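Colleague: Mind looking over this structure? Questions follow.
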Amino acid sequence: MKAGFAALALALGLGAMPALAEDPSPRARDLGVPFDGTPGPLNAITDVAGVEVGMKTLISGDGPLVKGKGPVRTGVTAILPRGKADGRAVFAGYFAGNGNGDMTGTHWIEESGVLETPITITGTGSVGVVRDATFAWLAQHRKGFFWYPVSAETADVPLNDMAGQHVTAQDTLDALDSARSGPIAEGNVGGGTGMVCNGFKGGTGTASRKLAAAEGGYTVGVLVQCNYGSANGLRVAGIPVAREMTLQPRCVTKLTSPPQQLFGMTAKLCDPKRVAIADAPTEEHRGSIIIVIATDAPLTAEQLKRLARRASVGLGRLGAIESDGSGDIFIAFSTANPGADDGNWAEGTEKPAPIERLRSAALNPLFEATIQGVEESVVNAMIAAKTMTGADYWTVSALPHDQLRDVLRRHGMLKEPAAK
C-alpha cells in the first residue's frame, strides 16, 4: 500500500481548495478499471456547459479529539447550475433512496419543479451555517430577498470533530466564490474531506457521459460526496474486490491511555502492512451519499425526478443496499430551457413559457448515462482519496491501487493499456 499513514502530511495546510484539479491523482480509468459508456472531455459534471464547482477544504490539527478544537477534516463543496454569472433557475427533481440524511430546500423543488439556488454539500454538523451563508451569498449576487438554499450533508466521523462545527460562513462564501468550470479535484477535498466510502477513504468524485448524436448528443454529469457502504459489499467492475485484499478493521496509528473507544469498540494499533478499513469487513458502515446529476437535455421536473431515481441503480452496481442508517439523497437538474421558469423571481408570468421537453420514450439513454456516471463517480472518489488519520488517531486507508488492479486482473476485468 503506497499511500501509507504519512499521506496525511501531504494534505495538511490545505486551506481554500479550488475545484480545478491542478495536480490530479490517477483516476479509475487510468488504473484500467473498465466502465461502460463514453465520457465527456473532462469526465466531470463540468462537462455540462455552464455548471461550475467550487470547494473549501479544512484540514488542521492532529491527535486526541477535543470537541470544538479538532482535529478538523471537513469542508464545503458548491455546485452552481448556471455558474456565478447566471442566476436563472433550472428545472430540477430529487429523490431519496434512503432518507437518513438531510438536504434542505427540497420542499420547494417538489412543489414547483425549479431550483433557484446553488447546491452545497458539507458535513452533518454544518448544514445550517452553510445553508445560511448561501442565503447571504445570494443576497449579494442575485436579485430578490428570499430563497430556499439546497444544502446537503454526509457525516465525517470518526476522522473529523463533527460536533465542533468547524465550517464557517466565510468557508461557504469561499467555496461559492471559487466556483469555476474545468477539471474537478477529487478525493479528500471540499465537503468530502473527512468521508469514508465502502469502508475505505472516500470523498468527492465526478464523471460524465456524452450521448451519441443519434440519441441527441446530450451530456450527463455526476458529482458525488461518497460516505456510504461496507467493504464486503463493494463491487468494482462487478467483482467484490475487497474480499480478496489484505484488510484490517478499524484501527489507530497511536494508542492512548486508556485506549480509544468508538461505537463500543476498543481501539487496536494499525498494522502498517495491512489496509485499515473503517469497519469490520462484514459491517455495514452507517454513512450516506449525496449525488448531484446535471444534464443539458431538455427535461422537465417530473422527468428529472425519474433521472434522480436512477442513481440508486448506479449504486446497486457498486453493491449498495441503501441501508437503514444511510442518507442516500439525489438531485438532478437540467440547464436547458433558460428563463422558462425562475420560480419566486419569475417575470412575464402573464404569458405561457415556451418549453422544450423530450418525449418519455427518449429517456432511456439518459437513464443509462446516469447509472454509468454514478458508478464511475464513486470509484473515482475512492481512487483519488488518500489515507487519512484524524481525530483520536483513527485511520482509514485509501483503496489500494495495486491490490485493486491485481484483483481485477485475476478476474479478467482489468483494462490493460494498449501496447505501444
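Colleague: Charged (D, E, K, R) and free of Cβ contacts under 8 Å to residues at least 60 places away in the same chain: is that true of E347 in this structure?
Modeller: On the way: charged (D, E, K, R): yes; free of Cβ contacts under 8 Å to residues at least 60 places away in the same chain: yes.
It is true that E347 is charged (D, E, K, R) and free of Cβ contacts under 8 Å to residues at least 60 places away in the same chain.
Colleague: Now for a different question. When region 364-388 is examined, which residues are found to be open to solvent by less than 10 Å² (accessible area, probe 1.4 Å) and not in a helix (DSSP H, G or I)?
Modeller: A385, T387, M388
Colleague: Okay, next question. Among residues belonging to region 22-43 that are at pLDDT below 95 and under 18 Å from the mean Cα position of the chain (by Cα), point out the one that is farthest from A237 (Cα to Cα). Working first, answer last.
Modeller: Looking only at region 22-43, we keep the residues that are at pLDDT below 95, and these are 22-26.
Of the ones still in play, those that are also under 18 Å from the mean Cα position of the chain (by Cα) are 24-26.
Details: P24: 23, S25: 20, P26: 17 Å.
Only one residue tops the list, namely P24.
Colleague: Consider region 167-196. How many of its residues are touching a helix residue (DSSP H, G or I) at 6+ places or on another chain (Cβ under 9 Å) and open to solvent by 40 Å² or more (accessible area, probe 1.4 Å)?
Modeller: Within region 167-196, the subset touching a helix residue (DSSP H, G or I) at 6+ places or on another chain (Cβ under 9 Å) is 167-173, 175-177, 180-195.
Next cut, open to solvent by 40 Å² or more (accessible area, probe 1.4 Å) only: 168-170, 177, 180-181, 183.
The qualifying residues number 7.
Colleague: Could you check, for region 328-345, whether at least one of its residues is acidic (D, E), part of a helix (DSSP H, G or I) and under 22 Å from L234 (Cα atoms)?
Modeller: Filtering region 328-345 for residues acidic (D, E) gives 328, 341-342.
Then keep just the ones that are part of a helix (DSSP H, G or I); that gives none.
Within region 328-345 (the criterion being acidic (D, E), part of a helix (DSSP H, G or I) and under 22 Å from L234 (Cα atoms)), the answer is no, since none of the residues qualifies.
Colleague: Out of everything in region 80-111 that is in contact with a helix residue (DSSP H, G or I) (Cβ under 7 Å, 6 or more places away or on another chain) and not in a loop (DSSP other than H, G, I, E, B), what residue ends up being surrounded by the fewest Cβ atoms within 10 Å (Cβ to Cβ)?
Modeller: The residue in question is F95.
Colleague: Here is a follow-up. Can you tell me which residue among T57, T46 is crowded, with 20+ Cβ neighbours inside 10 Å, among the hydroxyl-bearing types (S, T, Y), modelled with pLDDT of 95 or more and within 21 Å of F200 (Cβ to Cβ)?
Modeller: Working: T46 fails: within 21 Å of F200 (Cβ to Cβ).
Answer to the selection: T57.
Colleague: Which condition breaks for V275 when tested against (1) closer than 30 Å to I45 by Cα; (2) open to solvent by less than 10 Å² (accessible area, probe 1.4 Å); (3) touching a residue at least 60 places away in the same chain (Cβ under 8 Å)?
Modeller: (1)
Colleague: Test each condition in (1) under 30 Å from E52 (Cα atoms); (2) surrounded by fewer than 24 Cβ atoms within 10 Å (Cβ to Cβ) for G229 and report the one that comes out false.
Modeller: Among (1) under 30 Å from E52 (Cα atoms); (2) surrounded by fewer than 24 Cβ atoms within 10 Å (Cβ to Cβ), G229 violates only (2).
Colleague: Another question, if that's okay. What's the number of the condition A398 fails, among (1) open to solvent by less than 10 Å² (accessible area, probe 1.4 Å); (2) in a helix (DSSP H, G or I)?
Modeller: All conditions are met except number (2).
Colleague: Within region 270-284, can you find the residues that are at pLDDT 90 or above, of a type outside the set (D, E, K, R) and assigned to a loop (DSSP other than H, G, I, E, B)? Show your work before the answer.
Modeller: Within region 270-284, the first condition is being at pLDDT 90 or above, and the residues that meet it are 270-277.
Keeping just the survivors that are of a type outside the set (D, E, K, R) gives 270, 272, 275-277.
Listed by number, the residues that qualify are C270, P272, I277.
Colleague: Could you please give the count of residues in region 88-139 that are of a type in the set (A, V, I, L, M) and touching a residue at least 60 places away in the same chain (Cβ under 8 Å)? Steps first, answer last, please.
Modeller: So in region 88-139, the residues of a type in the set (A, V, I, L, M) come out as 89-90, 92, 96, 103, 109, 114-115, 119, 121, 127, 129-130, 133, 136, 138-139.
Filter once more, keeping what is touching a residue at least 60 places away in the same chain (Cβ under 8 Å): 89-90, 92, 96, 103, 109, 114-115, 119, 121.
Total meeting the criteria: 10.
Colleague: Additional query: For L234, work out the one condition from (1) under 25 Å from T124 (Cβ atoms); (2) touching a strand residue (DSSP E or B) at 6+ places or on another chain (Cβ under 7 Å); (3) at pLDDT 95 or above; (4) surrounded by 21 or more Cβ atoms within 10 Å (Cβ to Cβ) it doesn't fulfil.
Modeller: That leaves (2) as the condition not met.
Colleague: Further question on the same structure: Say whether the condition of being crowded, with 21+ Cβ neighbours inside 10 Å, part of a loop (DSSP other than H, G, I, E, B), touching a helix residue (DSSP H, G or I) at 6+ places or on another chain (Cβ under 9 Å) and not charged (D, E, K, R) is met by at least one residue in region 66-73. Please lay out each step first, then the result.
Modeller: Quick first cut of region 66-73, residues crowded, with 21+ Cβ neighbours inside 10 Å only: 70-73.
Adding the requirement that they be part of a loop (DSSP other than H, G, I, E, B) leaves 71.
Still in the list and also touching a helix residue (DSSP H, G or I) at 6+ places or on another chain (Cβ under 9 Å): 71.
Now restrict to residues that are not charged (D, E, K, R): 71.
The answer is yes, given that some residue of region 66-73 is crowded, with 21+ Cβ neighbours inside 10 Å, part of a loop (DSSP other than H, G, I, E, B), touching a helix residue (DSSP H, G or I) at 6+ places or on another chain (Cβ under 9 Å) and not charged (D, E, K, R).
Colleague: Turning to a different aspect of this structure: Could you check region 145-164 and list, in sequence order, the residues that are free of Cβ contacts under 8 Å to residues at least 60 places away in the same chain and within 13 Å of V127 (Cβ to Cβ)?
Modeller: Within region 145-164, P149, S151 meet the criteria.
Colleague: Output the residue which, of all residues in region 317-353 that are over 16 Å from the mean Cα position of the chain (by Cα) and under 30 Å from R243 (Cβ atoms), is surrounded by the fewest Cβ atoms within 10 Å (Cβ to Cβ).
Modeller: Within region 317-353, the match that is surrounded by the fewest Cβ atoms within 10 Å (Cβ to Cβ) is D324.
Colleague: Looking at (1) free of Cβ contacts under 8 Å to residues at least 60 places away in the same chain; (2) farther than 30 Å from L138 by Cα, which is the one condition that is false for I321?
Modeller: Condition (1) is where I321 drops out.
Colleague: Is region 252-261 home to any residue that is within 22 Å of G63 (Cβ to Cβ), touching a residue at least 40 places away in the same chain (Cβ under 8 Å), β-branched (V, I, T) and assigned to a loop (DSSP other than H, G, I, E, B)?
Modeller: yes
Colleague: Residue by residue through region 141-175, note down the ones that are assigned to a helix (DSSP H, G or I) and under 16 Å from the mean Cα position of the chain (by Cα).
Modeller: At the first step, the residues of region 141-175 found to be assigned to a helix (DSSP H, G or I) are 141, 162-164, 169-175.
If the condition is that a residue be assigned to a helix (DSSP H, G or I) and under 16 Å from the mean Cα position of the chain (by Cα), then A175 is the only one that fits.
The values are calculated or read from the model by the stated rules, or taken from the named source; none is laboratory data. Values in this document were obtained by computation on a predicted structure and should not be read as measured data. In this analysis, Cβ positions are derived from the backbone assuming ideal geometry, glycine residues included, and neighbour counts consider all displayed protein chains. The protein model used for the area step is the full one, side chains on, heavy atoms only, and it has no ligands, DNA or RNA in it. Shrake-Rupley method; radii C 1.70, N 1.55, O 1.52, S 1.80 Å.
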